[in-house]
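Notes for the one structure printed next.
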Amino acid sequence: MTKQEQVKAIFIEEAGEIVEKLDVDIIRFEENSNDFNLLNEIFRGVHTLKGNANAFGFTRLGEFVHHFEDLLDYYRSTKESIEANNLELFVESVDVVKEVMGCELNAIEELPQSYTECLEKIKRLLALKKNISKPVTEQNSVESLNDLASEFGLSSLENEENDIEKSIKFHQALQTDELNLYKIDLNLDIDCYKRGFDYFIFLKILSERTNFLESFFDMKNVKTISEFKSDENSIANVTVIVLTLQRREDIEEIFEFLFEHEFHITQIEPAVIKKADAKIEAASSTASQTAPSPVPTNTNANAPKSTIRIDTIKLDELFDSVGELVITQNFIAQNEKIRSIEDEAINRTIETLSKITKKIQDRVMSLRMIAIKDTFEKMKRVVRDTSKKTLKEVHLIIQGEDTEIDKTMIDSLSDPLIHIIRNAIDHGLESDSDERLRAGKSADGVIALRAFHKSGNIVISVSDDGRGINKERVLQKAIERGIISENENLTDSQIFSLIMQPGFSTAEAVSDLSGRGVGLDVVKTSIEKLRGKIEIDSNEGCGTTFSIILPLTLAIIDGMLVRTADEIYIIPTLSVVESFRPEKEIVHIIKGRGEFVNLRGECIPIIRLSTVFDINTQRAEAWESILVCVETEGGRIAVMIDELLGRQQVVIKTLGKSLAKIKEISGGAILGNGDIALILNVDELRPLNEISHV
């Protein structure tokens, strides 16, 4: 990749981030159009995008954002309230920016139709506003062009004060017991040149005697060329930040020939440690009396934070390497020969290795974990657009947006969430406010988006307070389409899951079932690819909740280790309901259908792993074995095994192309003793002849 291509790749990545942020910020601004700080944020994003787009020859994008920037700048500078229809234009403009960005990156010649229409709207509005606004003087116009700080919503004084404060905080982080930090304000009189002094003399001396030097010039009183006098000082103030070994008295000596009012020295104390940190420090000092002193580290709360961009491929390679490390560590810890060595030092070393490996694994996993907040923020736009299209007033509630989830899952979650939310608004909520009021509800519909941890998994739920799901209609539609038979007795959960069958994705379903379930089979497939599942809970007349249950990460699975004959298998814990040894009386055989167990009135098919994988072993009776009840797409099944070995987290390994065709297996894992265990795909273990739930 050439240097130009590398720079362009960086631009594409940064531009994508800017556009995503614009999409979120514009909705927040629509909710509170008086927040001009947020308007400044939007302006800066558009301004940056304009410069980068023009630099890479994306002139069509550059032209559009140039005029959009002018419109934003008008409202930003005048602080004029924005009309509702003009807010709609702002949102429309961000949509056009996204579309044109795609056209530019994919070299598509034809622009979207909305490009010209929206651009003309912006030009007309800007012309109208400038014609009716007060004319600015030529002097003010020149000042606004020359003042770079004003372009970002800061006056020169504010900009300088911010820079000084940042400099102080930065150098505080570098300060030690030996180094002193000083802020020096120089205010030389107008006749200082005649007395033989100027600012640069003192800056040169300070630079020779101090470790660090940073200066800030206040140029607001500098006169024009026609009024300028070379023998008079026009610079009002110079602020200098120095970090030095010298004492305050030594610094004061540098300015001994100046008047007292012409300089002021302020010594900056080291950064204050927070109370919580102080308690930790106190505890550490107490512990250090009995333990070796640790290597000193910089725990300054005010130390500047820095971030770096890492290619996700490199991160995945690191994660795979750590997985291999965990497997190797488990092999060492469980190796019989090593465990037979009765040596305390070796045992301590293995224990220490185990702790360090676990810590490294947790740290590397945390690198891939990011808050779901950004994804939830994007859903505000989905709710807004769907609300306007359906003419329904909707209130969105977001909870748990700080919940962290694997980045690879985040990238695949947006589409399923968008589809569920659109269905909830379009088909879940009542048609109009009058219908809701008659049902004793508020006029505005409510969509609740939540994320939380539960039983070692991540749960993301989408709830609405609409009409709920009519179970009778769902059953009737499923029977009509041949998805189930008339004599099947399904639980509520199984009935609700029917709406995610492909058979419901028809236009007829929209009218008969109020559209609930249209396209949800795609959502279900997407979630299952993430090794998750969807649960639906609904009360007719009260609302519906879709719960997406996901593992913490895609690289590690929490599973139940089981043994059949001499083979070890892993059943994902997420699918396990319970395990039991059945009584002989509840095990039955139906001719041509196979075995099943009557578990609390529910007939569950029995699946023998020895039969599924053609394992040559002596046939055992079901009541002499252990049954593991698991939840599958088509209902519950009982997997028959010889022994439960326990629960364990394992690193998932792919099986290669040759074994990928075995649908009953979803992957493999290397156990601590070096053995390979296959991970079962429980949804593919259904019997060939289904048994009715009677």
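In a residue-by-residue description of the range 616-625, the property of being open to solvent by 30 Å² or more (accessible area, probe 1.4 Å) and part of a helix (DSSP H, G or I) applies to at least one position. Candidates Leu213, Leu181, Leu188, Leu203: the one that is modelled with pLDDT of 75 or more, in contact with a Ser or Thr (Cβ under 7 Å, 6 or more places away or on another chain) and surrounded by 14 or more Cβ atoms within 10 Å (Cβ to Cβ) is Leu203. Across the range 651-674, which residue is surrounded by the most Cβ atoms within 10 Å (Cβ to Cβ) among those that are outside any loop (DSSP other than H, G, I, E, B) and at pLDDT below 80? By that ranking, first place goes to Val651.
Any residue that is of a type in the set (A, V, I, L, M, F, W, C) and modelled with pLDDT under 80 - is there at least one of those in the range 251-266? No, the range 251-266 contains no residue that is of a type in the set (A, V, I, L, M, F, W, C) and modelled with pLDDT under 80.
Just one of the listed residues (Ile410, Ile346, Ile420) is over 23 Å from the mean Cα position of the chain (by Cα) and of a type in the set (A, V, I, L, M, F, W, C), and it is Ile346.
Pairing residues of the range 103-122 that are over 11 Å from Leu89 (Cβ atoms) and at pLDDT below 85 with residues that are of a type in the set (Ser, Thr, Tyr) and part of a loop (DSSP other than H, G, I, E, B), at Cβ distances under 7 Å and at least 6 apart in sequence or on separate chains, gives no pairs at all. Only a single criterion out of (1) farther than 27 Å from Gly323 by Cα; (2) part of a strand (DSSP E or B); (3) not hydroxyl-bearing (Ser, Thr, Tyr) is not satisfied by Ala677, namely (1).
Scanning the range 525-536 for residues that are surrounded by fewer than 21 Cβ atoms within 10 Å (Cβ to Cβ) and in contact with an Asp or Glu (Cβ under 8 Å, 6 or more places away or on another chain), we see that the one that is modelled with the highest pLDDT is Ser526.
Out of the range 553-571, which residues are at pLDDT 85 or above, open to solvent by 20 Å² or more (accessible area, probe 1.4 Å) and under 15 Å from Lys653 (Cβ atoms)? Result: Ile568, single match. Here the helices (runs of 4 or more DSSP H) wholly within the range 303-384 that include at least 2 residues being on the phi < 0 side of the Ramachandran plot and in contact (Cβ under 8 Å) with a residue 24 or more places away in the chain are 312-334, 344-367. Test Leu111 against the stated conditions and say whether it is of a type outside the set (Ser, Thr, Tyr), surrounded by 12 or more Cβ atoms within 10 Å (Cβ to Cβ) and within 28 Å of the chain's Cα centre (by Cα). Taking the combined requirement at face value, the residue does not satisfy it. Using the structure shown, decide if Phe228 is at pLDDT below 85, within 49 Å of the chain's Cα centre (by Cα) and open to solvent by 40 Å² or more (accessible area, probe 1.4 Å). The answer is no for Phe228.
For the range 577-592, the set of residues classified as surrounded by fewer than 19 Cβ atoms within 10 Å (Cβ to Cβ) and within 30 Å of Asn457 (Cβ to Cβ) consists of Val577, Glu578, Ser579, Phe580, Arg581, listed by residue number.
Residues in the range 73-89 that are surrounded by 15 or more Cβ atoms within 10 Å (Cβ to Cβ), among the hydrophobic types (A, V, I, L, M, F, W, C) and in contact with a Ser or Thr (Cβ under 9 Å, 6 or more places away or on another chain): Ile82, Leu87. A count restricted to the range 419-459 and to residues that are touching a residue at least 40 places away in the same chain (Cβ under 8 Å) and either at negative phi or crowded, with 22+ Cβ neighbours inside 10 Å (or both) stands at 28.
For the range 621-636, the set of residues classified as over 19 Å from Ile665 (Cβ atoms) and at pLDDT 85 or above consists of Glu621, Ala622, Trp623, Glu624, Ser625, Ile626, Leu627, Cys629, Arg636, listed by residue number. For Ile398, the conditions (1) without any contact (Cβ under 8 Å) to a residue 60 or more places away in the chain; (2) open to solvent by 50 Å² or more (accessible area, probe 1.4 Å); (3) closer than 30 Å to Leu89 by Cβ are fulfilled apart from (2).
How about the range 358-377: which of its residues are surrounded by fewer than 18 Cβ atoms within 10 Å (Cβ to Cβ), of a type in the set (D, E, K, R) and within 19 Å of the chain's Cα centre (by Cα)? Result: Asp362, Arg363, Lys373, Asp374.
Taking the range 463-483 as the range and being of a type outside the set (A, V, I, L, M, F, W, C), open to solvent by 40 Å² or more (accessible area, probe 1.4 Å) and farther than 15 Å from Thr545 by Cα as the test, the residues that pass are Glu472, Arg473, Gln476, Glu480, Arg481, Gly482.
The values are calculated or read from the model by the stated rules, or taken from the named source; none is laboratory data. All figures in this text were calculated on a predicted structure; none of them were measured in a lab. Neighbour counts are summed over all protein chains in view; Cβ atoms, including those assigned to glycine, are modelled from backbone coordinates with ideal geometry. When the accessible area is computed, the model is the full protein with side chains, heavy atoms only, and any ligands, DNA or RNA have been set aside. Shrake-Rupley method; radii C 1.70, N 1.55, O 1.52, S 1.80 Å.
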